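Here is the structure we will look at.
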Amino acid sequence: MSVIIKPVISEKANYLTDLRGAYSFLVNTKANKIEIKKAVEEAYGVKVADVRTMIYAPKVSAKYTKKGLQVGKTNKLKKAVITLAEGEVIDIFAVN
């Protein structure tokens, strides 16, 4: 099971990184906080101070077409906000 899917790159995520040193990642929906902490520490070689997680429910959309009502939905997502120990930095844009 791959725990970390990808880092979140958005205005809000960059603002939190600059302001608090918090980094956002999309993670596996079945991963818990301990697994996320270990995965980030191994992948980036940093000391994690805090892990906060949130689960986004799938969104359902419907539209009317010539063939009738078409219903679709997105996948469930889990996002983790990682706060690092004092003085630690992750370079997300570095090529590994």
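With a bin width of 10 angstrom, please list the P(r) values of the chain as percents of all Cα-Cα pairs, from the 0 bin to the one holding the largest distance.
14, 42, 23, 11, 7, 1
At what distance in nm do the modelled label points of Leu77 and Arg52 sit from each other, each positioned 7 Å from its Cα along Cα→Cβ?
1.7 nm
Find, among the GluC sites (Glu not before Pro) in region 39-96, those assigned to loop by DSSP (not H, G, I, E, B) with at most 11 other beta-carbon atoms within 10 angstrom. Kindly include the intermediate steps, with their values, before the conclusion.
On the way: sites: Glu41, Glu42, Glu86, Glu88; in loops: Glu86, Glu88.
Qualifying residues, ordered by number: Glu86.
On a full-extension model of 0.36 nm per residue, what is the gain between Lys30 and Gln70, subtracting their alpha-carbon distance, rounded to one decimal in nm?
11.5 nm is the gain from fully extending Lys30 to Gln70.
Under a point-charge model restricted to the Cβ atoms of Lys and Arg (+1) and Asp and Glu (-1), what is the dipole moment magnitude of the chain relative to its Cα centre, in debye to the nearest 20?
Roughly 980 debye for the chain.
Please work out how much length the chain gains when fully extended from Glu41 to Ser10, using 0.36 nm per residue of separation minus the C-alpha to C-alpha distance, in nm with one decimal.
Gain on extension, Glu41 to Ser10, equals 8.9 nm.
Over 28 Å between C-alpha atoms is what I'm after, so list which of Lys12/Lys63; Lys38/Lys73; Lys47/Lys78 land there.
Over 28 Å Cα-Cα: Lys12/Lys63; Lys38/Lys73.
Read-outs throughout are calculated quantities, based only on the coordinates presented, and are distinct from any laboratory measurement. What you are looking at is a predicted structure, and each value in this text was computed from that prediction instead of being measured. As a convention, Cβ positions derive from the backbone with ideal geometry for all residues, glycine included, and neighbour counts pool all protein chains shown.
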